[in-house]
Structures are given as structure tokens and as C-alpha cells.
Amino acid sequence: PRDKSFDGSSIYQYEGAWYRPVLLAGLISSRKHFQAKDSDVIVITFLKSGTTWLKALTYAIVSRSHHAIFDSNSPLLTKNSHDLVPFLDFAYYPNNNNSSEHISTDDPRIFGTHIPYSSLPDSIKNSDCRIVYMCRNPFDQFISHWKFSENLAQEQNVQPISFEEVFELFCKGIHSFGPSWEHVLGYWKASLENPHKILFFKYEDVKEDTSFHVNKLADFLGCPFSDVEKSRGVIEEIVKLCSFDNMKDLEVNKTGRFRGTGIKNSNFFRKGKVGGWTDYFTPSMSERMNKLIEEKFSGSDLTFKMS
Ligand code: A3P
């Protein structure tokens, strides 16, 4: 089946989730060709839940001893997160191709993806590679997605669809990689079943205490911070380097474009806050969203901070 995405372009349903054609082709191809290694790290998020941030944090943690990441020409200062940690499906297997010859030779390799848990390549599930997942409260996630789609429509000279219509599509679960609740619950349940493989973060928690989560992620990835690193303030340096204010103002993020898409890097940095949804939701929309959250997440023990 086919429907409209938030920016008005067509999306298609496959194994219960919705995709733009290029992303669906990437998913199918990566499932066919991608061979995960036990040492791989996969950064997975639902759209607009802090992908750009989590990629930067993961890269900084994993690469801190290999690269001069705290120098003025650090890759974290000169490259966009999506170039540092490319999307597995989109960057390596576009248009149903097998482009794995271009695949990263770093060790460990770090990939990003938005593929739902149930559709992940088998080799990711069956190997000992690790997954870090981040979700976000559905109110802010929805606003962020809507604003991002509005910018895309503007850049592509397409008439954006109305806020009300976009909200309707969201509530029906019709949005890229959606329904969002299926995505989040898929990883939530898998993380409870296999906590050594999947570390589950919430945007709001990471925002509230970034150092704590950076430390936790390093432990999970098997590269804990030493006492010397801790006393030298390495965790705090990583937090600062990857902070919204720092990343937003980098030249590459002010003027660069996301490779292969033409999307401005600046579109990935809007407010970077928790609770901004209150500026946009009407009381009846809030009521409907709350009901949706209650209905979809009840019994899961998963809760969200809305402010
Ligand atoms: P807002 O639109 O609410 O500002 P993604 O990276 O998954 O596309 O998500 C984008 C959202 O994460 C945007 O949210 C963006 O501003 C926010 N974001 C980007 N970089 C961030 C950072 N370093 N710290 C916190 N939030 C960040």
C-alpha cells in the first residue's frame, strides 16, 4: 500500500512499517548483503529522536584513543555526524545496490539506521555486535519531524501539507519508519530481553544528565573510561564537544549538506530542547496524543518525560 509522507512525497508499507522508496531499497539490500561483525556498533533511533547527537557521542567515545578528537581539526569539528557514522541502509546500500566495498574499515565500525527491530538484517541480530537505541517523547518527536519535513518541502519547492493533516497521519502511524510506537516498543522489548546487546536511552534522560549516559554507553560498548580519563575530565569534554550549541555552530553544520541527499545539515539542528511541543499542540491534539500514548504503551512500563 502507498500513502503520503509528512512532506507530501509517497511512502510505501513493507512488513508493517512505512518507507520512502530509497530507504526501502536500502533496507532490502542491506538485509541481503550486510555482514555484521561482533565488534560493530549500531546506533539506532526513531526519526528526530536525537540521531545526530547519539552518533556524535558514540563516535567520540569509541574513537577517543585513536583520533585527536580534542584537537582543532577533530573529525567531530569538521564532519557532520551522518558522515562520521553513515546510515547502513542509506549510505552503503542505496538503490538496491551492494556497495559494501565502500564500507568503513574502522575498527570498531559504527553504523546508523532507523530500521525497525523486526526488519533488521539477520547478521545484526545473530552476531555479538552491540546496539544503542534512543527514543524521544512522542510530542517533541512529532513536532521535530513536522518541522523537518516542512523544511524539506520548502527546499524541494513542494507545497507542505498542513499541520492538522500531518498530525492525522502521525496518529494513524503513517510516517517514515512508523508507526513510531511499534519502532520504540520493538527495541524496548528487545533491550529487556537482551540487555547486553541493546542499550536503551531516552532523549530526555540523556539531556538531563549527559555525562552519566556517556559513561554508561562507554561501559556498555566495552571501552570504559579509566580513572585517569575521568580525572582529566574526558567525559565532560565529550559532552561539550557533542552539545547542541557546539554542533549547531560548526561551519560544516551551518553551510554543509548531507551527502547524497542535498539536505542542509542545518536542518538537523533546530531547538534541541525538551517540551517545545507546548507551543504547537492545541488542547484537543494533546488529549488525542495522550490517549494514543496510553493505548500503545500501556503495560510496557515505558514512560516518557514531556517537559
Ligand atoms: P528539535 O527539532 O526538537 O530541535 P535527529 O538527529 O534524529 O534527526 O533529531 C533531530 C533533533 O535532535 C532536533 O530536535 C535537533 O535539534 C536535536 N539535536 C540535534 N543535535 C543535538 C544535540 N547535539 N543535542 C541535543 N539535541 C540535538
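Within segment 224-240, being away from the ligand (no atom under 16 Å from the Cβ) and of a type in the set (A, V, I, L, M, F, W, C) holds for Phe225, Val228, Val234. Just one residue in the set Phe142, Phe177, Phe148, Phe200 is within 15 Å of the chain's Cα centre (by Cα), within 16 Å of the ligand (Cβ to nearest atom) and at positive phi; that residue is Phe177.
I'd like the full set of residues that are touching an Asp or Glu at 6+ places or on another chain (Cβ under 9 Å) and farther than 19 Å from Gly256 by Cβ, limited to segment 70-79. Within segment 70-79, Phe70 is the sole residue that qualifies.
Only one of Phe46, Phe111 is out of contact with any Pro (no Cβ under 8 Å at 6 or more places or on another chain) and within 28 Å of Ser5 (Cβ to Cβ). Can you tell me which? Checking each option against the conditions leaves just Phe46.
Among the residues of segment 90-99, is any modelled with pLDDT of 95 or more, crowded, with 18+ Cβ neighbours inside 10 Å and over 17 Å from the mean Cα position of the chain (by Cα)? No: zero hits. Kindly check whether there is at least one residue in segment 25-37 that is among the β-branched types (Val, Ile, Thr), touching a residue at least 40 places away in the same chain (Cβ under 8 Å) and more than 26 Å from Lys305 (Cβ to Cβ). Scanning segment 25-37, I find at least one residue that is among the β-branched types (Val, Ile, Thr), touching a residue at least 40 places away in the same chain (Cβ under 8 Å) and more than 26 Å from Lys305 (Cβ to Cβ), so the answer is yes.
Would you mind stating whether Met247 is at pLDDT 95 or above and closer than 30 Å to Glu193 by Cα? Judged against the criteria, Met247 is not a match. Applying the set (1) farther than 15 Å from Ile198 by Cα; (2) surrounded by fewer than 22 Cβ atoms within 10 Å (Cβ to Cβ); (3) in contact (Cβ under 8 Å) with a residue 60 or more places away in the chain to Leu57 leaves exactly one unmet item: (2).
Just so you know, in segment 112-139 the residues that are among the β-branched types (Val, Ile, Thr) and within 15 Å of the ligand (Cβ to nearest atom) include one that is farthest from Ser29 (Cα to Cα), and it is Val132.
Residues are listed down the side, and each one gets a yes or a no for (1) over 24 Å from Glu150 (Cα atoms); (2) within 16 Å of the ligand (Cβ to nearest atom); (3) in contact with a Gly (Cβ under 8 Å, 6 or more places away or on another chain):
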residue	(1), (2), (3)
Glu15	yes, no, no
Leu27	yes, no, no
Leu54	no, yes, no
Thr58	yes, yes, no
Val62	yes, no, no
Asp71	yes, no, no
Leu77	yes, yes, no
Ser81	no, yes, no
Phe90	no, yes, yes
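Taking the criterion of being surrounded by 15 or more Cβ atoms within 10 Å (Cβ to Cβ), more than 9 Å from the ligand (Cβ to nearest atom), part of a helix (DSSP H, G or I) and not polar (S, T, N, Q), the residues of segment 241-287 that qualify are Leu241, Val252, Met285.
Within segment 145-183, being touching a Leu at 6+ places or on another chain (Cβ under 7 Å), under 13 Å from Leu47 (Cβ atoms) and either in a helix (DSSP H, G or I) or β-branched (Val, Ile, Thr) (or both) holds for one residue alone: His145. Scanning segment 164-194 for residues that are surrounded by fewer than 17 Cβ atoms within 10 Å (Cβ to Cβ) and out of contact with any helix residue (DSSP H, G or I) (no Cβ under 9 Å at 6 or more places or on another chain) turns up Glu165, Glu168, Lys172, Leu192, Glu193, Asn194.
Among residues that are aromatic (Phe, Trp, Tyr), free of Cβ contacts under 8 Å to residues at least 24 places away in the same chain and away from the ligand (no atom under 16 Å from the Cβ), Phe297 is not included. For segment 184-205, the tally of residues that are outside any helix (DSSP H, G or I) and basic (Lys, Arg) stands at 2.
Residues are listed down the side, and each one gets a yes or a no for (1) among the aliphatic types (A, V, I, L, M); (2) under 21 Å from Val274 (Cα atoms); (3) modelled with pLDDT of 95 or more:
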position: Ile131; (1), (2), (3): yes, no, yes
position: Asp140; (1), (2), (3): no, yes, yes
position: Trp146; (1), (2), (3): no, yes, yes
position: Glu150; (1), (2), (3): no, yes, no
position: Gln154; (1), (2), (3): no, no, no
position: Val158; (1), (2), (3): yes, no, no
position: Gly186; (1), (2), (3): no, no, yes
position: Phe200; (1), (2), (3): no, yes, yes
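The values are calculated or read from the model by the stated rules, or taken from the named source; none is laboratory data. Just so it is clear, the structure is predicted and the values come from calculations on it, not from any experiment. Cβ atoms come from the backbone with ideal geometry, glycine included; neighbour counts cover every protein chain shown.
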